[in-house]
C-alpha cells in the first residue's frame, strides 16, 4: 500500500455553485452586459505518496571477495509507517462576464489553497547513517492568488477578424509549517516556515566599492553578511500570455502571435557561477571593464571566506515572443478530393525573441528538467525552431 | 444557452450500481485486488535465515568498499586536504578542499560522513541477524560478527581522523531516526575501541585469525590516535607483516577510484611538495608510489602532473595491513625513546622488496630495494622519517590527514609547518586557507541536537 499501516479510508468532499445571474428576470438588461456568471467552489483533494514510500526497504549490492562477486543486501529506505495522504483544501470564487454581445469576455478567479500533511522529503542528517531523505507528512503549504482571462473579439466580420486574448495568474506560495521538524537546510535552498517552498537562501553581498578607483574589485572591497538570508522564490509569481490574431481573405488565413511573460522569480545562474568560481573565465573575473556588480559577485564566490553564491541568484523576469504562426484553410474542394472534411496548413516559428533582466544566457535554460524548478547550469536554452504542420480533418 | 444531456436511465442505473459495488468493496476491507507482487522491493521479512544474514554481511562489506577505494570519500578527500593530492579539475568542491578553504556547504562532504556511519548502522543490523541465526541453529561461529564490529570501528576511526570535533554519531531504529548530540573525537575513538573489543571477543570460526588481525590493526590505529602508543604496539604485536585486508574491484562492484580519478580521469594529481610543507611524492621517485609520465590534469590547469600507477582499474587496496602494524610498532618505539628500534622496523620494511613489488600491469618495471634510513639524531628528524614512511607505505588510504593532525596535536608542530601553506598556485593571487579538518556537512544542521552546537573548532 502507498500508505502507512494505520491508514483507513479517506473522504474528499467537494461542492461547487454556478449561478448565471444575468438570466434572472430581476437582472437589469443592458446592451453593455451580455452575461454574468458567478461561481464558487470549495473542496478537498489528496495526493498519495509513491507505492513503496511507506515501506522500510532494502536493496541489492555486490561485493567482491577477491575471487568472485558476491550478492549482498543494503538498507535503502527508512519508509514511514505513519505516512498519510497529503490533503488540500481549496476555495475559489470568481465570475465570467460577457460585454457588448460577448465581444468582450472576462473571467476572474480568486483562490486559496491550504495543503496539510504535505508530503515532503526531509533531509536526514548524515550522522544517522541511513538514506539521505525520508518522506513525511511534514508540511503545511498555502497557495493563494488569482487567475484571469480577457478575450476580445475586436473584429468579427465575414471577411476579416481580429481577436486578442490575455490570460494570466498570480500565485503566492508559503510554507506555513514543518511541524516539529527544523527548517530543512540545503546548500542553496531551504524549507523555512513563513517563506516559499524551495526558496533561495545565501549570505548576502552587503556592499562593494572600488576604494582605490582602479576599476577592479578585490576581496577587501566586497562585504558579505554573516548570516544566510532569504533571496527569492524559484517559481514565477506572475505569469501572463498575450495572444493576438488577424484573419483575412474570408477568414481563411490567420496570422497570430503569442507572447509569454513571467516575473517575480529567481534563478541560480550556475553557469556563470562555475565560470567565475572555478574556470575563471566569466566576465567578472576576466574583463577589467566588467561592471562592478559582476566583479563583486565573482570576488564573493571566489575569494570571500563565505564563498557565497548570492550574486548568482538572479531575478529572472522575462518576456518572450513565444510564437508567430500563419494558418491557411485550404479550399473545401481540396479537402473533398482527399476524402476529408477540412484541410489546413500551419507555419509556425517559436521562441523568436527574448527580453529579460537575467544576465545568463536564458532564464528558461533548465538543468533540472522535470522537477518543476529552473536551474541554469551549462544547459542549452530553448531553441528557436520552425515548424510546418499539415492538418487533415475527416 | 447550454443544453444538458443525461445518460439513458438504464445506463445510469448500471453506472451507479458499478460505483456502488466498488465502493462497498472498498468499505468492506477486501484488499485482494490490491495485493501485488513487487519482487524488486526487499522488505525486512524477505531477508531471513542464514542466507539473509550472509547477504546483510556482504552488504556491509560493500559499504566499507564504498568508503575506501570504491568511492570518492575520505581516502581521496582527506588526501586532497592534506598533501597527497592536488585538485586537477573544475569542481569547486574539490578545489576548496584542496585549497583548505572548504565550508560546511561543500556538497562532497555529505556522502563520506553518511557513508561511514551507515557502515556501523548496517553492521549492527547484520550482527543482530547473525545472532538470530546462531541462536536458531545453535551455531557458535561468531567470526562474521567480529568482522562486522571491526568494520564499524574502522568507519568511526575514519570519521574521527577527518572531521571536525565534536561530531554527532546518530542512528536509526524501529521508531525512526535517533539523532545524537555531538561527541568529542576522543569519545568517537573510544567508541571505536569498544567495537574492537567486541570484535576480538567474537571471532570463533574459520576466519578467526583474519578477524583477529584486522581488528588488531584497527585497534592499534585507534590507540595511536589516542596517544597510547605502547598499548597500540601491544595490540598489533601478533599481526604478521604479510597480513592484508583489501578491497577488491570488478566490473560489477566498480572501479578503483584511486585509479579512476587519478591516472584515468586526471582529476586528482599526485602531490609533490605541495604548499612548501608537502611530501615530494614525485621527486622522491619511490617504488611505493609509482607514477605516470607527466601530463595535463583534467582541466589543464596543471600541465606537468603525475598520477599514481601502482593501482589499475581493478586493483585492490589495503584497508588494514601488517605493514601498518609494523609502522604502529615503530611509532611506539619512537615514543618510548627507542630510536634504534624504530629504524630497525622501518628499515626491515624498506628492505622487503616483496612489499612493493612491481604490479603486473606496469610493463618494464623493476624493483630496487629502498636504501636504509639513517637516524638523523634529532627528535624532529625522527618524527619526520616516521611520518614520511607512513605517508609512502599507506599512500592514498585515508591515513595522511590524521597523521598531519597528530603531528600538531601529539608532536607539538605548528600547523603552518605541517599543512600545505602559502601561495595556492592554481589561482593567481590566491593563498591556502586555514582548514585543518573537514567541516561537518551542512545537512547535519537538520539534527536538532547538532543545530545548536555546530562544530566550529576546525583545529587539528
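A few comments on the model shown:
Table: residues versus (1) more than 30 Å from residue A:20 (Cα to Cα); (2) touching a strand residue (DSSP E or B) at 6+ places or on another chain (Cβ under 6 Å); (3) assigned to a loop (DSSP other than H, G, I, E, B); (4) within 11 Å of another protein chain (Cβ to nearest Cβ).
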{"site": "A:36", "(1), (2), (3), (4)": "no, yes, no, no"}
{"site": "A:39", "(1), (2), (3), (4)": "no, yes, no, no"}
{"site": "A:45", "(1), (2), (3), (4)": "no, yes, no, no"}
{"site": "A:52", "(1), (2), (3), (4)": "yes, no, yes, yes"}
{"site": "A:55", "(1), (2), (3), (4)": "yes, no, yes, yes"}
{"site": "A:59", "(1), (2), (3), (4)": "yes, yes, no, yes"}
{"site": "A:63", "(1), (2), (3), (4)": "yes, yes, no, yes"}
{"site": "A:70", "(1), (2), (3), (4)": "yes, yes, no, yes"}
{"site": "A:74", "(1), (2), (3), (4)": "yes, yes, no, yes"}
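- Residue B:102 being surrounded by fewer than 22 Cβ atoms within 10 Å (Cβ to Cβ) and in a loop (DSSP other than H, G, I, E, B): no
- Pick from the stretch A:300-344, criterion within 14 Å of chain B (Cβ to nearest Cβ) and part of a loop (DSSP other than H, G, I, E, B), ranking: farthest from residue A:220 (Cα to Cα): A:309
- Flag if residue B:67 is touching a helix residue (DSSP H, G or I) at 6+ places or on another chain (Cβ under 6 Å), closer than 26 Å to residue B:311 by Cα and more than 9 Å from chain A (Cβ to nearest Cβ): yes
- Residue match in the stretch B:224-240 (condition: crowded, with 17+ Cβ neighbours inside 10 Å, within 14 Å of chain A (Cβ to nearest Cβ) and either touching a helix residue (DSSP H, G or I) at 6+ places or on another chain (Cβ under 9 Å) or closer than 28 Å to residue B:129 by Cβ (or both)): no
- Filtering the stretch A:175-194 to residues that are under 20 Å from the mean Cα position of the chain (by Cα) and buried (at least 18 other Cβ atoms within 10 Å of the Cβ) leaves A:175, A:188, A:189, A:190, A:191, A:192.
- Candidate set: the stretch A:226-254, residues that are crowded, with 17+ Cβ neighbours inside 10 Å and under 30 Å from residue A:305 (Cα atoms); chosen: the one nearest to the chain's Cα centre (by Cα): A:235
- Single match in B:19, B:92, B:36, B:41 (criterion: within 29 Å of residue A:274 (Cβ to Cβ), modelled with pLDDT under 90 and more than 16 Å from the chain's Cα centre (by Cα)): B:92
- The stretch B:108-119, residues that are within 9 Å of chain A (Cβ to nearest Cβ) and either touching a helix residue (DSSP H, G or I) at 6+ places or on another chain (Cβ under 6 Å) or assigned to a helix (DSSP H, G or I) (or both): B:110, B:111, B:112, B:113, B:114, B:115, B:116, B:117, B:118, B:119
- Scanning the stretch A:84-96 for residues that are at pLDDT below 95 and either within 13 Å of chain B (Cβ to nearest Cβ) or outside any strand (DSSP E or B) (or both) turns up A:84, A:85.
- Checking every residue in the stretch B:77-97 against the condition of being within 8 Å of chain A (Cβ to nearest Cβ) and touching a strand residue (DSSP E or B) at 6+ places or on another chain (Cβ under 7 Å) gives at least one match.
- Test result for residue B:122, within 10 Å of another protein chain (Cβ to nearest Cβ), assigned to a helix (DSSP H, G or I) and within 23 Å of residue B:440 (Cβ to Cβ): yes
- Matching residues, the stretch B:309-347, being surrounded by fewer than 22 Cβ atoms within 10 Å (Cβ to Cβ) and assigned to a strand (DSSP E or B): B:318
- Note on the stretch A:76-108: residues that are closer than 30 Å to residue A:16 by Cβ and more than 31 Å from the chain's Cα centre (by Cα) total 5.
- Test result for residue A:81, within 14 Å of chain B (Cβ to nearest Cβ), within 18 Å of residue A:177 (Cα to Cα) and surrounded by fewer than 17 Cβ atoms within 10 Å (Cβ to Cβ): no
- Within the stretch B:125-153, the set of residues being within 14 Å of chain A (Cβ to nearest Cβ) and within 15 Å of residue B:211 (Cα to Cα) comprises B:127, B:144, B:147, B:148, B:151, B:152.
- From the options A:100, A:106, A:138, A:150, residue that is in contact (Cβ under 8 Å) with a residue 12 or more places away in the chain and buried (at least 18 other Cβ atoms within 10 Å of the Cβ): A:138
- Lone qualifier among A:319, A:356, A:379 - being closer than 30 Å to residue A:295 by Cβ and at pLDDT below 90: A:379
- Verdict on residue A:379 being in contact (Cβ under 8 Å) with a residue 60 or more places away in the chain, more than 14 Å from every other protein chain (Cβ to nearest Cβ), assigned to a loop (DSSP other than H, G, I, E, B) and within 25 Å of residue A:273 (Cβ to Cβ): yes
- Some residue of the stretch B:66-85 being more than 18 Å from residue B:394 (Cβ to Cβ), part of a helix (DSSP H, G or I) and touching a residue at least 40 places away in the same chain (Cβ under 8 Å): yes
The values are calculated or read from the model by the stated rules, or taken from the named source; none is laboratory data. Note that the structure is predicted; figures quoted are calculated from it, not measured. Cβ coordinates were reconstructed from backbone atoms using ideal geometry, including for glycine residues, and neighbour counts include every protein chain displayed.
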